[in-house]
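The values are calculated or read from the model by the stated rules, or taken from the named source; none is laboratory data. Note that the structure is predicted; figures quoted are calculated from it, not measured. Cβ atoms come from the backbone with ideal geometry, glycine included; neighbour counts cover every protein chain shown.
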Amino acid sequence: MLRFVLARLVQSLAALAILTVVVFVLARATGDPLQLILPMSASEEDYANARQYLGLDRSYVEQYLSFVGKALTGDFGNSLRARRPVIELIRDRLPNSLKLAAFAMTVSLLMAFPLGVLAAVRKGTAIDRAAQVIAVLGQSLPTFWVAIVLIEVVAGRLQWLPAAGSERLASYVLPGFTLGWFVVAGMMRLLRSGMLEVLDSEYVKLARVKGVAEHRVVWLHALKNALIPVVTFAGIYFSILVTTAIVVETVFAWPGLGRLAYEAITSRDFPVIQAVVLTTAAIVALVNLSVDCLYAFIDPRIRYAG
């Protein structure tokens, strides 16, 4: 088990190291960052002094090593737009994004589990067909369109829930549902497929022959084994929630990391963009590593094969 965890940890660190190179190169491939910092009236001497102060007069290798060293300590410099340390902006926004993602994931699981199980148990019935329609709509409708419709109908015409803000629990419902709509569809289809496979297995048939109650067969014997692939995809979907939140947070004016990324992109605030990308990547790597370890714990065959 320890060897498996160490192998996955090395893979995650290697992926993050490669990403730092990509972020570093792209940030410098878009042009001279000093043109965003200095006024148009700046002289050549001003540019030279700024390059020396920011270390831009050094070689790219030295700049990269300095960038990585500072990033490891949480020093991403100052925001070009907000004129504040980037790490402060990340600390302000990251908790909001994580809370929204956790809320969306919780709602998604609460919806996907009963729908997926019922669709498998009632295969071919109206419940199964309705669940499949929901799955198709969830994976085909654009997130921004769902967000706009919910704001227009639920928050606008019906005035049931607020369309913006993060102070109250009710403020989580619309952005959380919008963000988790895709997850509900994917998780429901995955669980339905897994349940159908398990319900057709020999040990489930044997349990029925022995007279085990149907609800125990479904919720105890079948569901437990159908959850193994769901655990892996739950981690993947949580990573998707974090990385794709930029659309939902922008539409609902949610003060999270996604909206911070949008603001940084529109203002070409490269220090913030770099910090958001690396922070998001670190979260995704941590989630995937945790899921791999949990998966290996549930199914020992995985850690021996890895």
| query | How many of the residues in region 222-239 are surrounded by 18 or more Cβ atoms within 10 Å (Cβ to Cβ), modelled with pLDDT of 75 or more and either farther than 12 Å from residue 191 by Cβ or among the aromatic types (Phe, Trp, Tyr) (or both)? | reply | 4
| note | Residue pairs qualifying under the 7 Å Cβ cut-off, at least six apart or on distinct chains, with the first in region 202-214 being free of Cβ contacts under 8 Å to residues at least 24 places away in the same chain and the second being in a helix (DSSP H, G or I), are 204/198; 204/217; 204/221; 204/222; 207/217; 207/221; 208/217
| said: Filter region 78-91 down to the residues that are touching a residue at least 24 places away in the same chain (Cβ under 8 Å) and within 25 Å of the chain's Cα centre (by Cα) and list them by number. | reply: 79, 86, 87, 89, 90
| task | Working carefully through the options 104, 120, 131, find the one that is part of a helix (DSSP H, G or I), farther than 30 Å from residue 250 by Cα and small (Gly, Ala, Ser). | result | 120
| query | Which of (1) surrounded by 14 or more Cβ atoms within 10 Å (Cβ to Cβ); (2) out of contact with any Lys or Arg (no Cβ under 9 Å at 6 or more places or on another chain); (3) among the small types (Gly, Ala, Ser) does residue 135 not meet, given it meets every other one? | reply | (2)
| request: Filter region 260-274 down to the residues that are over 18 Å from the mean Cα position of the chain (by Cα) and of a type outside the set (Gly, Ala, Ser), then identify the one that is modelled with the lowest pLDDT. | output: 268
| task | Could you check how many residues of region 148-204 are surrounded by 13 or more Cβ atoms within 10 Å (Cβ to Cβ) and either touching a Pro at 6+ places or on another chain (Cβ under 7 Å) or at positive phi (or both)? | result | 6
| said: If I go through region 28-70 residue by residue, how many of them are part of a helix (DSSP H, G or I), within 14 Å of residue 270 (Cβ to Cβ) and aliphatic (A, V, I, L, M)? | reply: 5
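Condition test on residue 164, is it within 21 Å of the chain's Cα centre (by Cα), among the aliphatic types (A, V, I, L, M) and outside any helix (DSSP H, G or I)? Give the derivation first.
Working: within 21 Å of the chain's Cα centre (by Cα): yes; among the aliphatic types (A, V, I, L, M): yes; outside any helix (DSSP H, G or I): yes.
Considered against the rule, which asks whether it is within 21 Å of the chain's Cα centre (by Cα), among the aliphatic types (A, V, I, L, M) and outside any helix (DSSP H, G or I), residue 164 comes out as yes.
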| query | In this structure, is residue 103 touching a residue at least 24 places away in the same chain (Cβ under 8 Å) and within 13 Å of the chain's Cα centre (by Cα)? | reply | yes
